[in-house]
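Peer 1: Dropping the structure in here first, questions after.
No value in this document is a laboratory result; all are computed from the given coordinates. The structure displayed is predicted, hence computed values, not measured ones. Using ideal geometry, Cβ is built from the backbone for each residue, glycine included, and neighbour counts are taken over all protein chains shown.
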Amino acid sequence: MAPRHFLSLLDLTPDELRQIIHRAIKLKAMQQAGEIFEPLKNKVLAMLFEKSSTRTRVSFEAGMSQLGGHAMFLSPRDTQLGRGEPIEDTARVLSSMVDIIMVRTFEHETIERLAEYSSVPVINGLTDWLHPCQLLADMQTWTEHRGDIQGRTVTYIGDGNNMCNSYINAANQLDFNLRCACPEGYDPDPELIIAAGDKVTILRDPREACINTDLIVTDVWASMGQEDEQKQREKIFAPYQVTQELLDLANDDALFMHCLPAHRGEEVSAEVMDGPKSVVWDEAENRLHAQKALLEFLLTQS
Ligand code: CP
Ligand code: NVA
C-alpha cells in the first residue's frame, strides 16, 4: 500500500486535521504531567534540511526522542545529495532504512519527487510553496486559546509566501474566513485561492483587513532564498508592518501569531510581538506537540 504523506494540509481530511490538533493538546498535557509515552520505540526519522532551521529541527528531533524513537539530521553539505545524487535514488535508499522522512527544501517539486519514490511517509518541513507543519501548531494554539476556528476571521498581512499559502489551505480545510493583505505583485498562489472559494479575500489595505478580525498573522518579508531582495522588499512592505494601531482595529479578544523567526521593526513592531495579544511562544512550543501527533498519526494510524 502506498504510504500516506503530509506535503500539504490538503493531504489530510478536515476530520483528520482536527483529530491531530486535539491529539496534540492531549500529548502536551501528558508531557507536562511527566508521563512517559513511547509508541514509536525503534522507529527512525530521517530529517533532510536544505535550508536553516531552529524550531523545525529541534521539535522533530525532541519529539521523536520523547515518543521513544530516534531522529537523524542530514544536510546536503555532508550527504551525497549535495554532490548530485538524484533525489529519487536518495528516496529509495533512505526509505529502505528509516520509517519516516522529513524534508525542508526549496522547490516543492523536489519533495513531491521524493515522496513519489519513498516507500515510507514523507513530511513537508517547509518548501518555497508551503509550510503545513507550522499550520498544525498555529491551529493547535488557536484551539487552546479560543476553541474551534470554524467560522472565525483570520487576517494574514505581508508576503503571499509559503505561510500565506498554507493559511489559505487551512481556511479551505477548517472552514474559516481568511483576509490576505499583500502588496500588489506579492499575492499568494492564485490556484490555492480559487480552490478555497469564497473563504479567501485578497486586499491591499492592511487596515481594512484588520477590522473586526479574530487573529492577525504575519511572516518575514524576505523568506529563505530571497536574501538578495531584502532591501527592495523592506521598501515595498513598509506599510504592511503589524503595529498596535492595526491590532486595535481587530476584535477585543484578537490574537497575534508569527511562525518565527521574527524581525521586530520590520514585519511586526516590538510592541505587538511582545505584547499581551501575542501567542508566539505557545505557537513555537506547539510545533513539538503538533508534530508528535502527526508522527504518531502517520506511523501508527494511516
Ligand atoms: N517556524 C519555523 O519553521 O522555524 P524554523 O525555521 O526555525 O524551523
Ligand atoms: N516564509 C519563511 C518561513 C520561515 C519559517 C521562509 O520560508 O523563510
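Peer 1: Of all the residues that make up the range 92-124, how many are surrounded by fewer than 21 Cβ atoms within 10 Å (Cβ to Cβ) and more than 15 Å from Phe73 (Cα to Cα)?
Peer 2: 13
Peer 1: Specify which of the listed residues (Ser65, Ser95) is more than 16 Å from ligand 2 (Cβ to nearest atom), small (Gly, Ala, Ser) and in contact (Cβ under 8 Å) with a residue 12 or more places away in the chain. So that I can check it myself, show each step before the final result.
Peer 2: Working: Ser65 fails: in contact (Cβ under 8 Å) with a residue 12 or more places away in the chain.
Of Ser65, Ser95, the one residue that is more than 16 Å from ligand 2 (Cβ to nearest atom), small (Gly, Ala, Ser) and in contact (Cβ under 8 Å) with a residue 12 or more places away in the chain is Ser95.
Peer 1: Quick check: is even one residue across the range 55-66 away from ligand 1 (no atom under 16 Å from the Cβ) and farther than 22 Å from Gln173 by Cβ?
Peer 2: Looking for residues that are away from ligand 1 (no atom under 16 Å from the Cβ) and farther than 22 Å from Gln173 by Cβ, one finds at least one in the range 55-66, hence yes.
Peer 1: Moving to a separate point now. Please go through (1) under 30 Å from Met30 (Cβ atoms); (2) in contact (Cβ under 8 Å) with a residue 60 or more places away in the chain for Lys277 and return the number of the only condition it doesn't satisfy.
Peer 2: (2)
Peer 1: Are any of the residues in the range 227-242 within 16 Å of ligand 1 (Cβ to nearest atom) and in contact with a strand residue (DSSP E or B) (Cβ under 8 Å, 6 or more places away or on another chain)?
Peer 2: No, every residue in the range 227-242 fails to be within 16 Å of ligand 1 (Cβ to nearest atom) and in contact with a strand residue (DSSP E or B) (Cβ under 8 Å, 6 or more places away or on another chain).
Peer 1: Now, a different point. Exactly one condition in (1) more than 12 Å from ligand 2 (Cβ to nearest atom); (2) over 25 Å from Ile236 (Cβ atoms); (3) under 15 Å from the mean Cα position of the chain (by Cα) is not met by Gly125; state its number.
Peer 2: (1)
Peer 1: Which of the residues that make up the range 212-226 are of a type outside the set (A, V, I, L, M, F, W, C) and away from ligand 1 (no atom under 16 Å from the Cβ)?
Peer 2: Answer for the range 212-226, where residues must be of a type outside the set (A, V, I, L, M, F, W, C) and away from ligand 1 (no atom under 16 Å from the Cβ): Asn212, Thr213, Asp214.
Peer 1: State whether the residues of the range 107-122 include one that is under 22 Å from Leu260 (Cα atoms) and within 16 Å of ligand 2 (Cβ to nearest atom). If you could, list the steps in order and put the result at the bottom.
Peer 2: If we filter the range 107-122 for residues that are under 22 Å from Leu260 (Cα atoms), which is where we start, we get 107-108.
Now narrow it down to the ones that are within 16 Å of ligand 2 (Cβ to nearest atom): 107-108.
Yes: the range 107-122 contains one or more residues that are under 22 Å from Leu260 (Cα atoms) and within 16 Å of ligand 2 (Cβ to nearest atom).
Peer 1: Test of understanding: among Ser53, Ser59, which residue is touching a residue at least 12 places away in the same chain (Cβ under 8 Å), within 15 Å of the chain's Cα centre (by Cα) and surrounded by fewer than 20 Cβ atoms within 10 Å (Cβ to Cβ)?
Peer 2: Ser53
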